[in-house]
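Contents: one structure, followed by commentary.
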There are 2 protein chains.
Amino acid sequence: MLSKSCEYALKSILYITKHSQNLERVGAKNISDELDIPYHFAAKLLQILAKADIISSQKGPNGGFYLTADNLTHSLADVVFAIDGNGIFVDCILGLKTCSETRPCPLHYEFIDIKIKIAKVFEDTTLDQIKSKLLSGEFYLNNLNVSCQYERKNK
Amino acid sequence: MLSKSCEYALKSILYITKHSQNLERVGAKNISDELDIPYHFAAKLLQILAKADIISSQKGPNGGFYLTADNLTHSLADVVFAIDGNGIFVDCILGLKTCSETRPCPLHYEFIDIKIKIAKVFEDTTLDQIKSKLLSGEFYLNNLNVSCQYERKNK
DNA sequence: AAAATAAAAGACCTTTATATCTTATTGTAA
DNA sequence: TTACAATAAGATATAAAGGTCTTTTATTTT
């Protein structure tokens, strides 16, 4: 559905959103540890999001990633678009380049609805909206029991 | 959304369905040419579908792939499952292994609906049902103008 | 019935894309 | 001026996609 990059980017930005009280900063290391994302992979994705002005960053001691009031107006669709492009919203389910209303594949009309619905979820969800949801404690961004698996942690 | 393998497998079986009049046989070469799928890739996928009893095959001269009355009762979900597994129907959009009703991710409830709808389309579409749709000539399985692109053809 | 042939089945290899890791640089705050 | 943390380029590993070749099986044809 989404690439691993995009899953990681969404989880990362949601984690930052959850910790975005009065411009608090979150380090890539912190995100990587908490969400079980390879450190340098997370760092690269956060760079892309920062360059696209979807999140803000600050170098140096006590630096990290954070969200301004403006950043909080972005939707999750902006994140998906920055990492994976618009393929998930528009591509033919059978991968046909020239599939369209005038030359539809046998599943074209069935999937128009589904793709619109997927786009709607991402577009209608702004970071600001999702913030309280995250602070309620009823929703989770990581797997249960990760510490019980004897996996090597990145430095 | 779907892997390339799965896209190819679906297009292939739909092509066979379209040509499944009185047990007519279609060769892998034919499928590969018509749908622009690498020959040996198509052959491999057709093998998997034949082993799973989703399609039928016949070796030797005038052999090829075809559909019995029983084969025609299969749904597209059977094809997706045989090639990609059930991930598209059940996996968490953020890739969380332990995402569930009791430990939902922030997008869990939004995507339950979407995943059910996707499953419904594939499960509700049997080959038998889609056959007349394909024979109507209003739906297409390949791209327009492929012959205009100067691409190398497989032998 | 035997030989020739057509087409699927299967093992294995190469290429390409995605994901992950290494190392170095730059900017900022204390 | 030192330590911290983002930025950046590039290398390596892993997985997906695509390709080559051989074997098996069944149907023709002689």
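The values are calculated or read from the model by the stated rules, or taken from the named source; none is laboratory data. Computed from a predicted structure; not experimentally measured. Glycine gets a Cβ as well: all are built from the backbone with ideal geometry, and neighbour counts include every protein chain shown. SASA here: full protein model, heavy atoms, side chains in, ligands and nucleic acids out. Shrake-Rupley method; radii C 1.70, N 1.55, O 1.52, S 1.80 Å.
A search for C-beta distances below 8 Å between a residue of region B:131-144 that is within 7 Å of chain A (Cβ to nearest Cβ) and within 18 Å of B:GLU7 (Cα to Cα) and any residue that is among the basic types (Lys, Arg) and loosely packed, with under 14 Cβ neighbours inside 10 Å, counting only pairs 6+ apart in sequence or on different chains, returns B:ASN143/A:LYS97.
Report yes if B:SER57 is without any contact (Cβ under 8 Å) to a residue 12 or more places away in the chain, in contact with a helix residue (DSSP H, G or I) (Cβ under 6 Å, 6 or more places away or on another chain) and either open to solvent by less than 70 Å² (accessible area, probe 1.4 Å) or more than 11 Å from DNA strand C (Cβ to nearest atom) (or both), otherwise no. Yes. Among the residues making up region A:88-111, those that are at pLDDT 95 or above and loosely packed, with under 14 Cβ neighbours inside 10 Å are A:VAL90, A:SER100, A:GLU101, A:THR102, A:TYR109. In the set (1) within 15 Å of DNA strand D (Cβ to nearest atom); (2) modelled with pLDDT under 95; (3) away from chain B (no Cβ under 13 Å), A:MET1 fails one condition alone, (3). Number of residues in region B:20-46 that are under 21 Å from B:SER132 (Cα atoms), within 14 Å of chain A (Cβ to nearest Cβ) and open to solvent by 30 Å² or more (accessible area, probe 1.4 Å) equals 1.
Of the residues A:ASP70, A:ASP78, the single one that is within 13 Å of the chain's Cα centre (by Cα), of a type in the set (D, E, K, R) and more than 29 Å from B:ASN86 (Cβ to Cβ) is A:ASP78. Condition test on A:LEU72, is it surrounded by 13 or more Cβ atoms within 10 Å (Cβ to Cβ) and part of a loop (DSSP other than H, G, I, E, B)? No, not satisfied. Every residue in region B:78-97 that is assigned to a helix (DSSP H, G or I), within 12 Å of chain A (Cβ to nearest Cβ) and farther than 15 Å from B:ILE114 by Cβ, please. Passing the criteria: B:VAL79, B:VAL80, B:ASP84. When region B:107-129 is filtered for residues that are of a type in the set (Ser, Thr, Tyr) and more than 10 Å from chain A (Cβ to nearest Cβ), only B:THR126 remains.
Residues that are more than 9 Å from DNA strand D (Cβ to nearest atom) and among the charged types (D, E, K, R) within region A:28-68 comprise A:ASP33, A:GLU34, A:ASP36, A:ASP53, listed in sequence order. Looking across region A:83-102 at every residue that is touching a helix residue (DSSP H, G or I) at 6+ places or on another chain (Cβ under 6 Å) and in contact (Cβ under 8 Å) with a residue 24 or more places away in the chain, the one that is nearest to A:LEU10 (Cα to Cα) is identified as A:ILE83.
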